[in-house]
1. Go through (1) closer than 27 Å to PRO277 by Cβ; (2) within 13 Å of the chain's Cα centre (by Cα); (3) outside any loop (DSSP other than H, G, I, E, B) one by one and return the number of the condition VAL48 breaks.
2. Among the residues of region 155-168, is any closer than 17 Å to GLY94 by Cα and touching a Lys or Arg at 6+ places or on another chain (Cβ under 8 Å)?
3. Tell me yes or no: at least one residue of region 14-26 is within 16 Å of the chain's Cα centre (by Cα), closer than 16 Å to GLU92 by Cα and at pLDDT 95 or above.
4. Does VAL56 count as more than 22 Å from GLY94 (Cα to Cα), surrounded by 18 or more Cβ atoms within 10 Å (Cβ to Cβ) and in contact with a Pro (Cβ under 7 Å, 6 or more places away or on another chain)?
5. Applying the selection to region 186-213, what residues are among the acidic types (Asp, Glu) and in a helix (DSSP H, G or I)?
6. Tell me, yes or no, whether region 235-251 has at least one residue that is of a type in the set (Lys, Arg), free of Cβ contacts under 8 Å to residues at least 40 places away in the same chain and not assigned by TED's automatic domain parsing to the domain that holds PRO278.
7. Of all the residues that make up region 63-86, how many are modelled with pLDDT of 95 or more and either of a type in the set (Ser, Thr, Tyr) or farther than 17 Å from PRO188 by Cβ (or both)?
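The values are calculated or read from the model by the stated rules, or taken from the named source; none is laboratory data. Just so you know, these numbers come straight off a predicted model, no measurement behind them. No Cβ is skipped: glycine too gets one built from the backbone with ideal geometry, and neighbour counts run over all protein chains shown.
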Amino acid sequence: MTEQELEQQRATLWHVDGAPIRTTEEARSFIEAVGFAVTYPERAFPLVPSFIGAYVGSKAGLPDVRHAFADQRAQDATELMVRLLRERSAFELGLAGDIDLIISAQLFPYFYALVGDRNPKAPAKIKAQGAAVSELAVRVFESLQKSGPMTKTQLQAAVGRDASLPALDRALLELWSILKITRVDYKPADGASWDVLYRWAPDAVKEGLNISVPEAISALVSKYLEGVVAAEQEEIEQFLSHLTSRSKVREAVNALLAARELSFVTIGPKTLIQMTPPLEPQQRRRIHV
């Protein structure tokens, strides 16, 4: 495989080769194929496809998250993405720095196994108790748990007008990043609606609770490589370091290499890792003999 062939395979998978996704079915197929995507291009994730890129059909001239509000393409792509969220074909995970991952329904339980609360119905714990949420986040979770889906404006009324909208944004991200809550709808006039995740997606949460951390990391490594075709080990570790420790990722990669589920491939001056290609019929016959 040449570098040009690698880039072409990625462009085809990511739908930035002039073949945009426009229907719900196309969007669903795209997210199932790549496993997950960022909403907008992110410097922190150069080897992760973007939903806006797939919608536009190109990686040129795409808005970032700070300029999306002024781009009609971003608004249209958001509407398409929300359709996937409403039908639970995809879920979201908010990461630090306004990074939003859109994840296929099939892969989401593996993300939950890494970052989700092992006791999803329990109240969120404040920082003084060792968790990573504020007192306001605790109140937000309790309000959603009690009253069901709410917009940010409705939450402000529920938790107290003393909570500013920027503070609410921070509290929502704290809960979202550990998958205590999720966005379940979006309307331009009202903004996003939030709910507790265990109520919105009980089956996905239950499945995630039964997946071990090593199993989850191995599944995400494999799907990441399916989505990027091939990558350096550093690139694999860099992406998954947002979810777990690099040492655990390294252990998973080494185990998959030892099991021959992954293999090395030389492309240009680089040695990359890929999913081990299936054997050709002739090779299978040779092994059988």
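1. (3)
2. Step one: of region 155-168, the residues closer than 17 Å to GLY94 by Cα are 166-168.
Narrowing the set further to residues that are touching a Lys or Arg at 6+ places or on another chain (Cβ under 8 Å) leaves 168.
Yes.
3. Taking region 14-26 and keeping what is within 16 Å of the chain's Cα centre (by Cα), we get 14.
Subset that is closer than 16 Å to GLU92 by Cα: none.
Taking every residue of region 14-26 in turn, none turns out to be within 16 Å of the chain's Cα centre (by Cα), closer than 16 Å to GLU92 by Cα and at pLDDT 95 or above.
4. In short, yes.
5. First pass over region 186-213, keeping only residues among the acidic types (Asp, Glu): 190, 195, 203, 207.
Matches in region 186-213: ASP203, GLU207.
6. Restricting attention to region 235-251, the residues satisfying the condition of being of a type in the set (Lys, Arg) are 246, 248, 250.
In the following step, the residues that additionally are free of Cβ contacts under 8 Å to residues at least 40 places away in the same chain were identified as 246, 248, 250.
Applying the additional criterion that residues be not assigned by TED's automatic domain parsing to the domain that holds PRO278 yields none.
The answer is no, given that none of the residues of region 235-251 is of a type in the set (Lys, Arg), free of Cβ contacts under 8 Å to residues at least 40 places away in the same chain and not assigned by TED's automatic domain parsing to the domain that holds PRO278.
7. The number of residues fulfilling the criteria is 1.
Table: residues versus (1) in contact (Cβ under 8 Å) with a residue 24 or more places away in the chain; (2) farther than 22 Å from GLY35 by Cβ.
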| residue | (1), (2) |
| --- | --- |
| LYS59 | yes, no |
| VAL65 | yes, no |
| ASP71 | no, yes |
| LYS125 | no, yes |
| SER134 | yes, yes |
